1. From the backbone phi of the stretch B:196-211, what are the Karplus-calculated ³J(HN,Hα) couplings (6.51 cos²θ - 1.76 cosθ + 1.60, θ = phi - 60°) in whole Hz, Gly and Pro given as x?
2. Averaging over all projection directions, find the projected area of the Cα convex hull of chain B and quote it in nm² with one decimal place.
3. Kirkwood hydrodynamic radius, the protein assembly as shown, all distinct C-alpha pairs: what's the number in Å?
4. Over the whole of A:86-97, what's the average partner chain Cβ count within 10 Å per residue? Rounded to a whole number, please.
5. Once Rh for the stretch B:1-146 is found with the Kirkwood sum over Cα pairs, what is the Stokes-Einstein diffusion coefficient at 10 °C and 1.306 mPa s, in µm²/s?
6. Using helices alone, I'd like the mean residue ellipticity at 222 nm for chain A: each DSSP H run of four-plus residues gives -39500 (n - 2.57), total over residue count, nearest 500.
7. Give the Rg (one decimal place) followed by the Dmax (whole number) of the stretch A:64-146, computed from C-alpha coordinates and expressed in Å.
8. Share of Cα-Cα pairs in chain A beyond 29 Å, in percent?
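Derivation of every value follows stated rules applied to the coordinates shown; laboratory data play no part. This is a predicted model, so every value here is computed, not measured. Because the Cβ atoms are built from the backbone with ideal geometry, glycine has one as well, and the counts that use them run over all protein chains shown.
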Amino acid sequence: MHIMEGFLPVKHAIGWSIAAAPFVVYGLYTINKRIKEKPEQRMLLGVAAAFTFVLSALKMPSVTGSCSHPTGTGLGAILFGPAAMAPIGAIVLLFQAILLAHGGLTTLGANIISMAVVGPFAAVAIFRSAKAVKVPFALSIFLAASCADLLTYVTTSAQLAFAFPDPAGGFAASFAKFASVFAITQIPLAISEGLLTVVVMNALVRFNAPELQEMKVTAAVQEVLT
Amino acid sequence: MLTEQSAYTNRWRQISPVAKGFVSICGMVAAFAAGSPRTALLVALILSLATVLGANIPPVRYLRVAAPALFFLLASGLSLLASLDFSYNSTFGLSLHLAESELPRIFQVCCRSLACLTALLFLALTTPLTDIISLMRRCKLPETLLDLMTLSYRTLFVLSEAVHETVTAQSARLGYASLTLSLRSLGGLVANLAVQVWQRSQALHLAALARGNDGALRFLEPDYPDSPRAISCAVISGVLLVVLAVYLP
């Protein structure tokens, strides 16, 4: 769930856009470096953005019986790296705003921070920490994908609470309110997305290891493949 | 996608994206500048009428595109209306009640959001994404970002088709008959799609090399007849919209 068009006050909309800009610029810098070394990465990252968009349009069964879409931030960050996910996420969010009227242009900065910065960086940090303490591969993937999903929504709750503090309880009460509203749907969805990402990674490692090794995926996955 | 269908078939398809982009930005500025919910609603009405009547978008299609966003707006408005109080007077140390005093502010936020949504739909339903990307190219956005956007836009329909075909094949084999089967089928689908990302990108790279590509992707910019007139009309109507929002109480 993204913050919808025009919902944030103007100062917040501008502030979050300014905050998101360095991440997108740094992401583009790393992408340019990658393209200079390996020109085929231009096509790879372009198709990866389409993949993330298509992923966000898939209907995913939830353990509560409802259905929603995966964010794809965990999977994308593990496959393509967290820095590249900021510009890729920005493109996906822009496409969602224009093609699906989901999210918006004035709230693009806030949505980039939650979905394309916090989610991917959290996913990779959790995945690497879990691997460092010898957690099994499947559990590391599950923790990375589901925590990235949850942290995305915790960030969105904090952004909304910051913009609309509760008249009685202030930021804390407003954050608790938004987080509880999101928790009803997002905790089951985060579990579903974690399970889905494990199934995807297992399938990739089992059936497509030679292709993945040949196609030079990120170092984190290469370690598992070898 | 309904927005894409409208963007390619509407009456204003041949009007310069600069003009349509300018009106859309002015609509958003007007939404934020509106001093009261009534003014924000007026901005929303003007923009939606311009889209439906001016660009000849069928009203049912317009509502179908706006419906999910309107549902989110309703849900967001209701969450703002609930207030959580950590007071010691309540039974469990916290109480949930309606923030009646906040009602006018919440109504203002929702009306502003609605006006911004109509401004976004004005652009999305009248201008294809390729035109918006070429507009961004004129605004001197980084080339790499625009290349990725172009590649992504052109590939997403190919990937959507692949998803549709895989889901049809999986459904025909009862792949979505239960929750466990659904998760397994979806996992297989995404894994297959992830591999296609590399395969298709390699094929695209080879195709580009075969055509003498030396790095950046170059595209021909379409010409728009009567562009200065359209831009002048857009500037006048956009500025009028902002002035209306600023001066109306």
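1. Whole-Hz 3J(HN,Hα) from phi for the stretch B:196-211: 4, 4, 5, 4, 5, 5, 5, 5, 5, 4, 4, 4, 5, 4, 5, 9.
2. 20.5
3. 23.4
4. Average neighbour count from other chains, rounded to a whole number: 3.
5. For these conditions, the coefficient is 92 µm²/s.
6. -24500 deg cm²/dmol
7. Cα-based Rg and Dmax for the stretch A:64-146 come out at 14.0, 43 Å.
8. Values: 6529 of 25425 pairs.
Looking at chain A, the distances longer than 29 Å represent 26 percent of pairs.
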